[in-house]
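Enquirer: The following block contains the structure, expressed as structure tokens.
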Amino acid sequence: MRPEYLFIDEHEYMISKGHCPRSSDGYILKDTNLLIIECKAKAPLAETVSGYNINAINDEIIDLFVAPVHQVDKRYIEMMKYDQEFIDITNKVNNIYVIIVSLEKIQPLPYTYNYADSFLRVSGKTINIDDKVEECEITTDIIKKYYNFNAYEFEKLCALIENGIDIFNELYEYSIQPICPFENYINSRGYKELRSSVVEDNMNRGVNAIYKKTFGTEMPRSRIDVYGLKL
């Protein structure tokens, strides 16, 4: 039986007249499970991906991971107080996962999560957000896990949904494995070839455009393969 999901898009909610913040970028609800998605058009710098500047690495963990999770937590608390429609829809939720999606992810290493936890799971730690100092401990106790995915890994997650796979089972299983890239975990589960229809259609159009520009004619459908051009 295919899981039934409800998607809640980004929206405004009113705290007071003239003060209407925006929610996180998306919510996926299934039974008592909620996935909160926050997207950031950022990526780690080359010096922190391949270098050993620990201060720069720490700064990027704060910027790409800790601050967005804190933002999600803050918005969720507000919405459970002021957004009645959201409250009515999600009032049975007892398990929340958070995924911060960025162009490229921070490397998923024990150090990354331990450093993030030292802010998000410890009382009294502060970070600077828009020139304001804010305590960043997670106050929503049903937030179980938080991750930083790149766009490719998030697309794989969407493909799981489209193919009728329970993402909350997969996120739970992923959470109890030794820390590794989500892509590696998905491949180990036998889902390597899954693609969402949106990505597949875009890739097919791109391959067809290249073929047409090269050979002057539309590519026959039988010669389009979304994982590479078969000639």
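Every number in this text was worked out from the coordinates using simple rules, so none of it is lab data. Remember, it's a predicted structure, so these values are computed and weren't measured experimentally. Counting neighbours? That spans all protein chains shown, and the Cβs are built from the backbone with ideal geometry, glycine included.
Enquirer: What is the order of ILE100, ILE127, ILE138, fewest Cβ neighbours within 10 Å to most?
Expert: ILE127, ILE138, ILE100
Enquirer: Also, quick follow-up: What list of ³J(HN,Hα) couplings, whole Hz, do you get for segment 89-95 from phi and the Karplus terms 6.51, -1.76, 1.60, once you set θ to phi - 60° and write x for glycine and proline?
Expert: Result, rounded to whole Hz: 6, 10, 5, 9, 5, 10, 8.
Enquirer: Turning to a different aspect of this structure: In whole Hz and in residue order, list the ³J(HN,Hα) couplings for segment 18-23 that follow from phi through the Karplus curve 6.51 cos²θ - 1.76 cosθ + 1.60, θ = phi - 60°; x for Gly and Pro.
Expert: Values per residue, Gly and Pro as x: x, 10, 10, x, 9, 6 Hz.
Enquirer: A follow-up question, please. Per the Kirkwood treatment, what hydrodynamic radius in Å, one decimal, follows for segment 10-83 from the mean inverse distance over all distinct Cα pairs?
Expert: Value: 14.3 Å, from the Cα pair sum.
Enquirer: What is the distance, in nm, between label points placed 7 Å from the Cα along the Cα-to-Cβ direction at ALA41 and at CYS180?
Expert: Computed distance between label sites ALA41 and CYS180 equals 3.5 nm.
Enquirer: Karplus couplings for segment 99-111 from phi (6.51 cos²θ - 1.76 cosθ + 1.60, θ = phi - 60°), rounded to Hz, Gly and Pro as x?
Expert: Residue by residue, segment 99-111 yields 10, 8, 9, 10, 4, 9, 8, 5, 4, x, 10, x, 4 Hz.
Enquirer: Continuing with the same structure: Wrap a convex hull around the Cα atoms of segment 143-186, take a quarter of its surface area, and give that in square nanometres.
Expert: 3.1
Enquirer: Once the Cβ-Cβ distance between GLU104 and GLU162 is put in as r, and R0 is 22 Å, what FRET efficiency do you end up with, to the nearest 0.05?
Expert: After rounding, the FRET efficiency stands at 0.40.
Enquirer: Please list the non-local residues whose amide H lies under 5 Å from the amide H of TYR146, H modeled 1.01 Å from N, same-chain partners needing a gap of 5 or more.
Expert: Correct list: VAL98.
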